[in-house]
Amino acid sequence: MKKIMLAAIAALALGGSAMAQETVRIATEGAYAPWNFLDESGKPAGYEIDLAGAICEKAGLTCEFIVNDWDSIIPNLLAGNYDAIMAGMSITEERLQTINFSDEYFPPDPSRYVALAGENINFEPLAGARIGVQGGTIQAAYAQANLATDNTVVSFSTADQAVADLSAGNLDTIFADGAYVDPIVSASNGAIEYTGPEIMIGEGMAIGLRKDETELTTKLNDAIVALKADGTVDSLIAKWFDGRGPYYSE
């Protein structure tokens, strides 16, 4: 199990005395922009960090952020090293065997293939390709189950490492969450482009919680419902995901 990096544990005591509020420790990866990343000062930032602040304010909680490697993020939740996960994690039947989830805070999103511009990849069927994925993700599980026989699936610790290897010409394509690769394609000035089919895997993204945290789950769900209704969730999605939404409010 990799060592947990306590990255600028930032208390978001938004209203009321922190001494009088329950403290909730939230783990995030810090390497999956725009969901979550570390800013220039090394502090967690991104959609999920902003949303966690709004959720904690609405629920009357004090939140602390802990940066943890993706591949050990669920084991460390189960070990009690923190109370919740907000790390671009989709609800899946496999994960529901070990943890629970809050209500979703981002709807189901298609997974996408991207490649360097000009690469003519044949997806009917896809064969002989080097496919980059982030280990432990729904895309990695899909690739291993459906693509590994005729292709080489290369797993990376972070999604950013996969993008770097694609840019270096060491991969033919990356298979990743669409909302993650959208800004990468946009910022590449045509160097990286979409290819192949869109594939829907899993359900929406939500907060991961231990199964015995029923009271905390209720508090977080109540806050999420209220923030969807008042437009806060859609406002934060629009801030961090260009052209996305609204999904939850009119």
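Which one of 122, 100 is over 17 Å from residue 154 (Cβ atoms), polar (S, T, N, Q) and over 26 Å from the mean Cα position of the chain (by Cα)?
122
Evaluate the following for residue 228: is it more than 20 Å from the chain's Cα centre (by Cα) and within 29 Å of residue 76 (Cβ to Cβ)?
No: the conditions fail for residue 228.
So, in the stretch 155-176, exactly how many residues are under 23 Å from residue 69 (Cβ atoms), crowded, with 18+ Cβ neighbours inside 10 Å and not aromatic (Phe, Trp, Tyr)?
Residues meeting the conditions: 7.
Condition test on residue 212, is it under 30 Å from residue 141 (Cα atoms), free of Cβ contacts under 8 Å to residues at least 40 places away in the same chain and surrounded by fewer than 13 Cβ atoms within 10 Å (Cβ to Cβ)?
It is true that residue 212 is under 30 Å from residue 141 (Cα atoms), free of Cβ contacts under 8 Å to residues at least 40 places away in the same chain and surrounded by fewer than 13 Cβ atoms within 10 Å (Cβ to Cβ).
Where in the stretch 165-226 are there strands (runs of 3 or more DSSP E), lying wholly inside it, with at least 2 residues that are within 19 Å of residue 103 (Cα to Cα), modelled with pLDDT of 95 or more and outside the structural domain of residue 155 (by TED's automatic domain parsing)?
205-209
The values are calculated or read from the model by the stated rules, or taken from the named source; none is laboratory data. Small disclaimer: the values here were computed from a predicted structure and weren't measured. Note that we place each Cβ from the backbone using ideal geometry, even for glycine, and neighbour counts take in every protein chain shown.
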